[in-house]
Structure formats: structure tokens, C-alpha cells
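Engineer: Please find one structure pasted underneath; my questions will follow.
The values are calculated or read from the model by the stated rules, or taken from the named source; none is laboratory data. This structure is a prediction, so every number in the text was calculated from the model and none was measured. We place every Cβ from the backbone using ideal geometry, glycine too, and count neighbours over all the protein chains shown.
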Amino acid sequence: MLTHFLPWQDLYRLFFPALCPACQAEVLAPKSILCPTCHLELPYTRQATEADNAFCEKFWGRLPLEHGAALLFFSKGGRVQHLIHKIKYGGQQELALQLGRMLGERLRQSPDYQDIDLVSPVPLHPRRLRWRGYNQAACLAQGIAETLQKPFEEQALARVQFKKSQTRKGRIERLKNVEESFVVKNPDLLLNKHVLLIDDVLTTGATLEACALPILEVEGTKISMATLAMAI
């Protein structure tokens with residue numbers, strides 16, 4: 001019988017093939033999370049190795065950002081949007097962890113991220129965390145921290161105000177929506193640290209800015225940022 005010749009993992013994939021989360025094509029390589037086409041053709045950025053890139057330009061005149069990079073460019077209706085939707089609303093925490101490792105590998109190859117002291121995600125409000133069951137930014141940050149071999153710190157920041165979704169808001173509306181939403185829970189964790197702040201998507205930068213500003217009030221801190229995607 002067929003089961004005598006195929007390991008159970010291969011037999012499972014024969015009847016239940018793994019599908020690419022970006023395009024739904026079959027994933028052929030056993031350890032890959034993307035199909036060969038998406039692995040090669042997703043809109044990757046080169047920002048991890050570019051000092052003055054479009055990511056950093058978002059924050060010029062707003063805060064002293066050391067370095068910033070996204071792994072992918074995001075456009076409405078594209079394959080990257082499918083990835084974001086799956087890790088944000090589809091319960092795919094393992095996918096977020098794997099994508100974080102992909103981003104972490106890009107950062108690991110750049111000299112700009114070698115002096116990072118800790119990796120911290122943009123926090124969710126406890127009410128939204130209960131609804132969703134997990135924080136996709138934390139899953140990404142765990143994968144990045146693992147790859148960079150840096151401490152992962154989820155307790156540095158807290159979101160203290162519950163706000164409506166940012167999805168349909170412009171830059172000014174987003175900034176007003178998140179003003180004073182974040183506080184540093186334990187300044188001692190951040191004292192004299194270079195913090196790598198992680199979120200899923202950079203759009204206007206309002207949420208990342210609102211997180212970074214209280215961190216920068218702690219003595220000796222520096223901020224770098226990374227996201228899975230950046231809107232274009």
C-alpha cells in the first residue's frame with residue numbers, strides 16, 4: 001500500500017497540500033511557507049541595507065529614528081494584503097512567527113541592526129487582545145528576536161486607551177486617534193537601551209510614533225523600527 005512507502009507527513013501533504021498564504025498555490029518545499037513564485041516575486045524592499053529609505057522618511061521631523069525597514073511593500077488587493085489579513089484576523093500565529101524570521105534575517109545581514117538591545121512589539125489594548133486572542137506584532141517580534149538573537153520584551157509598553165480601528169483614517173486622524181494611547185510600563189527595562197519596535201504594517205506611521213515617543217522619554221534610549229510591510 002501507499003502508506004508503506006510514504007512517511008506520514010508526506011502522506012498528509014498528499015491529501016492535504018499546504019497552500020501559499022499569499023496566493024493559495026501549492027507549497028512544494030516541505031519547510032517553506034510560501035510557494036516558489038511568491039518566494040521570488042513578492043514585492044520585497046531593500047530598506048534593511050538602505051540608510052535613508054522611504055521608511056525612515058516617514059518620520060523625518062517627527063522623531064529621531066535610528067534605522068527603519070519593512071520587508072515588503074503593501075498595496076491594496078495584492079498578495080501582501082492577503083498575508084497581513086491572515087496573520088491579523090486569520091489566527092495564523094505560526095505564519096506571523098515565520099514571517100518575522102524572514103524579516104529578522106534581512107535585518108541580521110545589515111550592520112545597522114547589530115547593536116539592538118531588545119525587540120518590542122506595538123502592544124494591543126487588553127480588550128482587543130481578548131477578542132483576537134494574540135498580538136500579531138508580538139508574533140512577528142518573536143521571530144525577529146529569535147533570528148537576531150536579541151531579547152524579546154513584550155512588557156515594556158502598554159496600550160492604555162481603547163481606540164477604534166485605524167484602517168480608514170488619514171495621517172492626522174490616525175495621530176489624534178492614538179495620542180497618549182501608549183505608556184512605558186517599566187522604564188528600567190528600557191534604560192539606556194536601543195529598542196527595535198515592531199508592527200505589522202507602516203502606513204502613516206502614527207501608531208509607531210505614538211509608541212516611540214514615550215520610549216524616548218526614558219534616559220539613554222534609542223529607537224529603530226521594522227514592519228512586515230509598508231504601504232505604497
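Engineer: Read through the list (1) assigned to a helix (DSSP H, G or I); (2) at pLDDT below 95; (3) buried (at least 18 other Cβ atoms within 10 Å of the Cβ), then give the number of the only condition that Leu124 fails.
Structural biologist: Here Leu124 meets the rest and fails (1).
Engineer: Which residues, taken from the range 67-87, are surrounded by fewer than 17 Cβ atoms within 10 Å (Cβ to Cβ) and charged (D, E, K, R)?
Structural biologist: The one that is surrounded by fewer than 17 Cβ atoms within 10 Å (Cβ to Cβ) and charged (D, E, K, R): Lys76.
Engineer: Could you list, in sequence order, the residues of the range 99-119 that are more than 11 Å from Ala226 (Cβ to Cβ) and either touching a residue at least 60 places away in the same chain (Cβ under 8 Å) or part of a helix (DSSP H, G or I) (or both)?
Structural biologist: Within the range 99-119, Leu99, Arg101, Met102, Glu105, Arg108, Gln109, Pro111, Asp115, Asp117, Leu118 meet the criteria.
Engineer: Tell me which residues, restricted to the range 38-68, are of a type in the set (Asp, Glu) and touching a helix residue (DSSP H, G or I) at 6+ places or on another chain (Cβ under 9 Å).
Structural biologist: Glu41, Glu50, Glu66
Engineer: If Ala137 meets every condition in (1) surrounded by 14 or more Cβ atoms within 10 Å (Cβ to Cβ); (2) over 18 Å from His194 (Cα atoms); (3) modelled with pLDDT under 95 apart from one, which number is that one?
Structural biologist: Only one criterion in (1) surrounded by 14 or more Cβ atoms within 10 Å (Cβ to Cβ); (2) over 18 Å from His194 (Cα atoms); (3) modelled with pLDDT under 95 is unmet by Ala137, namely (3).
Engineer: I'd like to verify a number: residues in the range 1-26 that are among the aliphatic types (A, V, I, L, M) and either exposed (fewer than 11 other Cβ atoms within 10 Å of the Cβ) or at pLDDT 85 or above (or both), how many?
Structural biologist: Of the residues in that region, 6 qualify.
Engineer: With the requirement that a residue be closer than 18 Å to Pro151 by Cβ and part of a loop (DSSP other than H, G, I, E, B), what does the range 182-206 give you?
Structural biologist: Lys185, Asn186, Leu191, Asn192, Lys193
Engineer: So, of the residues in the range 67-88 that are without any contact (Cβ under 8 Å) to a residue 40 or more places away in the chain and of a type outside the set (S, T, N, Q), which turns out to be farthest from Asp115 (Cα to Cα)?
Structural biologist: The extreme case among them is Gly77.
Engineer: Taking the residues in the range 36-78 that are closer than 26 Å to Gly220 by Cβ and of a type in the set (Gly, Ala, Ser) as candidates, determine which candidate is nearest to the chain's Cα centre (by Cα).
Structural biologist: Checking each candidate, the answer is Ala69.
Engineer: Looking at the range 207-232, which of its residues are aliphatic (A, V, I, L, M), outside any strand (DSSP E or B) and surrounded by fewer than 24 Cβ atoms within 10 Å (Cβ to Cβ)? Before the answer, list the steps.
Structural biologist: Here is the first cut: in the range 207-232, the ones aliphatic (A, V, I, L, M) are 208, 210, 212-213, 215-216, 218, 223, 225-226, 228-232.
Pick out the ones that are also outside any strand (DSSP E or B) and you get 208, 210, 212-213, 215-216, 218, 232.
Selection gives Ala210, Leu213, Ile215, Leu216, Val218, Ile232.
Engineer: Which count do you get for residues in the range 64-98 that are in a loop (DSSP other than H, G, I, E, B) and over 21 Å from Gln47 (Cβ atoms)?
Structural biologist: Count: 4.
Engineer: Which ones in the range 128-157 are more than 14 Å from Arg108 (Cβ to Cβ) and in a loop (DSSP other than H, G, I, E, B)? Full working, then the answer.
Structural biologist: Step one: filter the range 128-157 for residues more than 14 Å from Arg108 (Cβ to Cβ), giving 128-142, 151-157.
Correct list: Gly133, Tyr134, Asn135, Pro151, Glu153, Glu154, Gln155, Ala156.
Engineer: Can you work out which of the residues in the range 89-100 that are surrounded by 17 or more Cβ atoms within 10 Å (Cβ to Cβ) and not polar (S, T, N, Q) is nearest to the chain's Cα centre (by Cα)?
Structural biologist: So, considering only residues that are surrounded by 17 or more Cβ atoms within 10 Å (Cβ to Cβ) and not polar (S, T, N, Q), the one nearest to the chain's Cα centre (by Cα) is Gly100.
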